[in-house]
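The next block holds one structure in the form of structure tokens; read it before the comments.
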Amino acid sequence: MSTETFEFQVEARQLLQLMIHSVYSNKDVFLRELVSNASDALDKLRLEKLWDDSLDADVSDLHIDIDVDTDARTLTVQDNGIGMSYDEVGRLIGTIANSGTAKFLQELQEAKDAAGAEGLIGQFGVGFYAGFMVADEVTLVTRRAGESQGTRWTSRGEGTYTLETVDDAPQGTSVTLHLKPADPENQLHDYTSPWKIREIIKRYSDFITWPIRMVVAEGSATAGKSDEASAAEGSEAEAPEAETLNSMKALWARPRGEVSDDEYHELYKHIGHDWRDPLETIRLQAEGTFEYQALLFLPAHAPHDLFARDSKRGVQLYVKRVFIMDDCEALLPPYLRFVKGVVDAADLSLNVSREILQQDRHIEMMRRRLTKKVLSTVKEMMTKDQDRYATFWREFGTVLKEGLVTDPENRDVLLSVASFASTHHDTEPTTLKQYVERMKDGQDDIYYLAGESRQSIENSPHMEAFRDRGIEVLLLTDAVDEVWADAVGEYEGKKLRSVAKGRIDLDAEDEDTSGGEREKQTEEYAGLLGWMKEQLDGDIKEVRLSSRLTVSPACVVSDAHDLTPALENMYRAMGQ
Ligand code: ADP
Ligand code: MG
């Protein structure tokens with residue numbers, strides 16, 4: 001068989017350099033990443049076999065094996081899952097598809113010190129490449145289920161990798177790490193110790209639904225076990241038995257009191273492909289005619305592709321502990337697409353399709369209930385933990401505001417958890433409730449101005465009169481803002497009004513320029529107004545006197561129901 005050598009894609013090479021000279025102190029997580037990939041591969045195979053019974057693959061004993069060779073200093077994680085074809089190995093392992101990675105590397109270069117870099121690695125995660133934190137060479141042998149030929153991938157992580165075909169590869173994937181020399185100073189990082197492996201699996205991967213087994217060879221069996229147990233094993237000698245390291249219990253099916261926050265967080269990291277803890281864990285159990293359990297997570301950070309058309313969205317669907325599908329969009333509305341988690345329904349068919357889910361009445365009810373639960377959790381967060389709420393809204397507020405347009409049923413609660421930048425404070429956002437409490441006597445409406453940035457809005461001539469009179473204005477900078485403000489129209493009976501639209505008469509309570517005075521002025525300036533209209537003919541509808549300016553001589557205003565210039569731009573950008 002010929003061996004071909006390939007170069008890593010630039011981003012991949014940078015990331016590998018980082019792993020090799022890792023500043024990341026928690027190296028244990030490399031095993032979590034490999035086990036997580038193996039578990040995904042087993043899920044995928046089971047599903048593929050379910051859909052296509054003719055697939056030539058053995059699914060009778062799906063599992064993950066961990067094998068340690070103390071003398072050779074190797075650690076192997078092997079699964080008999082879906083595997084990869086020759087092309088897939090090159091594509092999936094040799095490159096980095098994740099668009100967030102480029103941004104990550106950029107930020108990393110800007111990180112001034114090791115602590116900053118470590119924080120960033122902890123945030124982004126590096127999946128398969130994490131192996132290079134502890135190994136100076138990695139070999140992956142894989143054969144895709146249904147195919148006859150396998151592939152071997154090898155790399156020392158230094159710019160190139162090799163690929164060759166192999167004839168005798170078992171179905172699935174094995175990843176062998178040639179561990180870096182032991183550090184005599186730090187026994188804690190001895191990954192050839194069965195005790196260490198047990199501990200890591202227990203901590204990070206206990207909930208994995210496939211058995212994670214380890215065969216402990218004679219001699220190393222004693223590590224981490226009681227004297228009595230090792231004495232008993234010693235007398236049996238020879239034939240080492242595989243030991244299952246994880247409990248395989250579905251966390252969502254266990255009573256809350258039995259599960260620690262850390263355990264929930266590890267599940268989140270596995271399904272969310274995130275290295276960070278979630279912001280909030282949400283549990284829900286529904287009994288009755290349509291039973292289900294849900295374990296949902298609010299991430300602490302928005303993914304980079306939150307607004308990409310083809311971004312992954314949705315939670316995982318299980319039926320009675322059996323994984324059915326990823327990215328199940330039917331279970332939550334699009335504006336909650338960042339929520340991660342698991343929904344386990346008892347009464348669905350294992351063959352349920354996305355199309356069926358979209359139309360199922362029970363699923364529709366489930367979606368409504370889960371939506372309410374997520375929103376009530378956000379509301380609770382708002383009263384109980386201001387900081388956490390602030391983080392949440394900073395990361396996901398823009399998406400949630402889409403719900404103000406698309407989900408009238410939950411509009412009220414969405415309005416109550418929303419917050420906005422405002423002229424009231426330079427940095428602290430305000431809720432609508434707080435705005436209304438601060439409204440001046442005689443002020444009937446809630447004023448806002450939409451624009452590209454806080455600064456450009458504050459410099460707008462539309463703001464002059466409001467600033468002068470000390471009237472608070474919400475400063476809205478998301479593209480969705482004008483859409484929802486238009487759709488919602490009012491809050492608690494107070495109209496939402498753009499200060500850039502229609503007639504705004506701030507002088508209703510200002511005697512001197514109201515009523516007759518204004519008429520007199522209009523007469524007086526009729527000549528000027530007429531002349532201006534003539535000059536700008538075709539571009540404008542009307543020229544009128546206004547009390548909204550104090551410094552600028554003139555400004556352009558839309559009709560109350562016209563698109564504002566910003567909104568026109570947005571629609572144009574969307575190709576409409
Ligand atoms: P992620 O798991 O977040 O996609 P990884 O770097 O961990 O990122 O893995 C990259 C890809 O390589 C996976 O998405 C998967 O397609 C493939 N892969 C990794 N390990 C395995 C495995 N054990 N079996 C099959 N495919 C794998
Ligand atoms: Mg992974």
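Values in this text are rule-based calculations from the coordinates and carry no lab data. Values in this document were obtained by computation on a predicted structure and should not be read as measured data. Note: ideal-geometry Cβ built from the backbone for every residue, glycine included; neighbour counts use all protein chains shown.
Apply the Karplus curve 6.51 cos²θ - 1.76 cosθ + 1.60, θ = phi - 60°, to the phi angles in segment 244-258 and return the couplings in whole Hz, x for Gly and Pro.
Values per residue, Gly and Pro as x: 8, 8, 10, 7, 6, 7, 5, 4, 6, 9, 8, x, 3, x, 8 Hz.
Starting from the amide H of Glu137, placed 1.01 Å from N in the peptide plane, find each other amide H under 5 Å away whose residue is 5 or more places distant or on another chain.
Those qualifying (amide H under 5 Å, at least 5 residues apart or on another chain) are His178.
Using modelled backbone amide H atoms (1.01 Å from N, in-plane), which distant-in-sequence or interchain residues come within less than 5 Å of Thr160's amide H?
Under 5 Å from the amide H of Thr160: Phe8.
Which entries of Lys202/Lys340; Lys372/Lys440; Lys202/Lys312; Lys495/Lys533; Lys401/Lys541; Lys249/Lys340 have Cα-Cα distances beyond 25 Å here?
Values: Lys202/Lys340 22 Å; Lys372/Lys440 34 Å; Lys202/Lys312 29 Å; Lys495/Lys533 31 Å; Lys401/Lys541 32 Å; Lys249/Lys340 19 Å.
Pairs exceeding 25 Å: Lys372/Lys440; Lys202/Lys312; Lys495/Lys533; Lys401/Lys541.
Sorting check: for 384-396, 468-480, which peptide has the highest mean count of neighbouring beta carbons within 10 Å, and how do the rest follow? The partial results should precede the final answer.
Details: 384-396: 15.8, 468-480: 18.9.
Averaged packing, sorted descending, gives the order 468-480, 384-396.
Measure nothing fancy, just the Cα-based angle from helix 29-51's long axis to the longest principal axis of the chain, in degrees from 0 to 90, nearest 10.
90 degrees
Relative contact order (percent) for the chain, with alpha-carbon contacts under 8 angstrom and 6 or more residues of separation? Show your work: numbers first, answer last.
On the way: 914 pairs, mean separation 55.7, N = 576.
This gives 10 percent for the chain.
Can you order the peptides 77-85, 328-336, 176-184 by their average number of other Cβ atoms within 10 Å per residue, highest first?
Working: 77-85: 24.3, 328-336: 20.6, 176-184: 15.4.
The most tightly packed comes first, giving 77-85, 328-336, 176-184.
Take each of the peptides 202-210, 425-433, 244-252, average the number of other beta-carbon atoms within 10 Å over its residues, and list them starting from the highest.
On the way: 202-210: 19.8, 425-433: 13.8, 244-252: 17.7.
Those peptides, ordered most packed to least, come out 202-210, 244-252, 425-433.
Summing +1 for each Lys or Arg and -1 for each Asp or Glu, what net charge is found among the other residues whose Cβ lies under 12 Å from the Cβ of Thr377? Could the numbers behind the result be given before it?
Values: positive: Arg283, Lys372, Lys373, Lys379, Lys384, Arg388; negative: Glu280, Glu380, Asp385.
So the environment of Thr377 carries a net charge of +3.
Regarding the chain, what whole-number volume in Å³ per residue does the convex hull of its Cα atoms give? Mind showing how you got there, number by number?
Numbers: hull volume 121.3 nm³, N = 576.
Per-residue hull volume (Cα only) is 211 Å³.
Show the residues, 5+ positions off or on another chain, whose built amide H is closer than 5 Å to the amide H of Leu476.
Leu449, Ala450, Gly451
Provide the gained length on full extension for the span Asp136 to Arg91, in nm with one decimal, where the gain is 0.36 nm per separating residue minus the Cα-Cα distance.
Numbers: separation 45, 0.36 × 45 = 16.20 nm, distance 2.18 nm.
Result: 14.0 nm gained on full extension.
Which FRET efficiency value, to the nearest 0.05, is calculated for Asp385 and Glu287 with the Förster distance at 35 angstrom and r the Cβ-Cβ distance?
Numbers: r = 30 Å, r/R0 = 0.84.
The pair Asp385/Glu287 has a calculated efficiency of 0.75.
Would you work out if segment 7-48 is rounded, prolate or oblate? Take a ≥ b ≥ c from the square roots of the eigenvalues of the alpha-carbon gyration tensor; rounded if a/c is under 1.5, else prolate when a/b is larger than b/c, oblate otherwise.
Numbers: a/c = 5.53, a/b = 1.63, b/c = 3.39.
The shape class here is oblate.
When Lys and Arg each count +1 and Asp and Glu each count -1, what net charge do the other residues less than 13 Å away from Gly257, Cβ to Cβ, add up to? Please list the in-between numbers first.
Values: positive: Arg254, Arg256, Arg283; negative: Glu258, Asp261, Glu263.
Once all neighbours under 13 Å are counted, the net charge is 0.
Tell me which of Tyr435, Val405, Gln455 sits at the most positive position along the dipole axis of segment 382-480, charges placed on C-beta atoms (Lys, Arg +1; Asp, Glu -1).
Of Tyr435, Val405, Gln455, it is Tyr435.
Among Phe207, Val480, Ile197, whose Cα sits farthest toward the positive end of the charge dipole of the chain (+1 at Cβ of Lys/Arg, -1 at Cβ of Asp/Glu, about the Cα centre)?
After comparing all options, I get Val480.
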